[in-house]
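These notes concern the structure reproduced below.
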Amino acid sequence: SSYAHRDRVLVIAANVAVGQRITVDDLAGADLSVDPRVAAFTVEQQDEVIGKVALVDLAKGTLVNPSQVGQSQSLTAGQVLVPLQLKPGQLPAVGVAPGQRVLLVATPVNTGQGAQADSPADPIQATVAESGAPDAATAVTVVDVRVPQDVGASLARMAASGNVTVVVLATGGGK
């Protein structure tokens, strides 16, 4: 069947990276015939989207789906939140911001006995959820990261031992 009725729906006006807060400039209206089974925001609902965070990368020209926007602390299915206590030198001097994609690299423990029996774990891709201010006394910065559930426990062990370094990845999904 054809849909004679057209709705003015919200589309993404410019690429929005995961974790980025959505502004009015990120949104545009488009006249479309939308199947009732498609979840989309109308232009009248734009205030429900502005200020939310992209839970996935949102490409220019795509419909804004309610499942793709939310609060920054939201975890999607299969994700866990892991806190990292980072000393200077374990993260960039400029710090990190919510929504940034990072690579968490295990750094070897110096046991004083030459090469380690265990090689460091593979780097873990993560997204920064929150980043605190450095503690005035210890210079430690707490950074919460979202990671896949299956690597959460090993990351927590790396973090507890203090043997993790944060590498910031390029925005826009590049490798």
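Among L103, L63, L32, the largest mean-square fluctuation in a Gaussian network model of the chain, built with springs joining Cα atoms closer than 10 Å, belongs to L32. Would you look at the GNM of the chain, springs on alpha carbons closer than 10 Å, and say which of V164, V145, V94 moves the most? Among V164, V145, V94, the largest GNM mean-square fluctuation belongs to V94.
Dividing the convex hull volume of the alpha carbon atoms of the chain by its residue count, what do you get in Å³ per residue?
142 Å³
For the stretch 1-105, the residue among L86, Q46, L58 whose Cα projects farthest onto the positive side of the dipole built from Cβ charges is L86.
The gain in end-to-end length when the R8 to A170 segment is fully stretched comes to 54.9 nm, 0.36 nm per residue minus the alpha carbon separation. Here is how the number arises for the chain: DSSP H runs of 4 or more residues each give -39500 (n - 2.57), the sum is divided by the residue count, and the result at 222 nm is -2500 deg cm²/dmol. Entry comment: accessible area of the chain is 58 Å² per residue, from protein heavy atoms only and a probe of 1.4 Å. Taken about its Cα centre, the chain carries a charge dipole of roughly 260 debye when the Cβ of each Lys and Arg holds +1 and the Cβ of each Asp and Glu holds -1.
In plain terms, the chain from V140 to V43 could stretch by 30.5 nm, reckoned as 0.36 nm per residue minus the Cα-Cα distance.
Solvent-accessible area of the chain (1.4 angstrom probe, protein heavy atoms only): carbon and sulfur portion equals 53 percent.
Fully extending the segment from D31 to N65 would add 10.7 nm, taking 0.36 nm per residue of separation and subtracting the current Cα-Cα distance. Taking label positions 7 Å along the Cα-Cβ direction at both R21 and A97, the computed distance is 1.0 nm, reported to one decimal.
Mean-square fluctuations from a GNM of the chain, with a 10 angstrom spring cutoff on Cα atoms, peak among V96, V140, V38 at V38.
The values are calculated or read from the model by the stated rules, or taken from the named source; none is laboratory data. As the structure is a prediction and not an experimental result, all values here were calculated from the model. Please note: Cβ atoms are built from the backbone with ideal geometry, for glycine as well, and neighbour counts cover all protein chains shown. Side chains included, ligands, DNA and RNA excluded: accessible areas come from the protein's heavy atoms. Shrake-Rupley method; radii C 1.70, N 1.55, O 1.52, S 1.80 Å.
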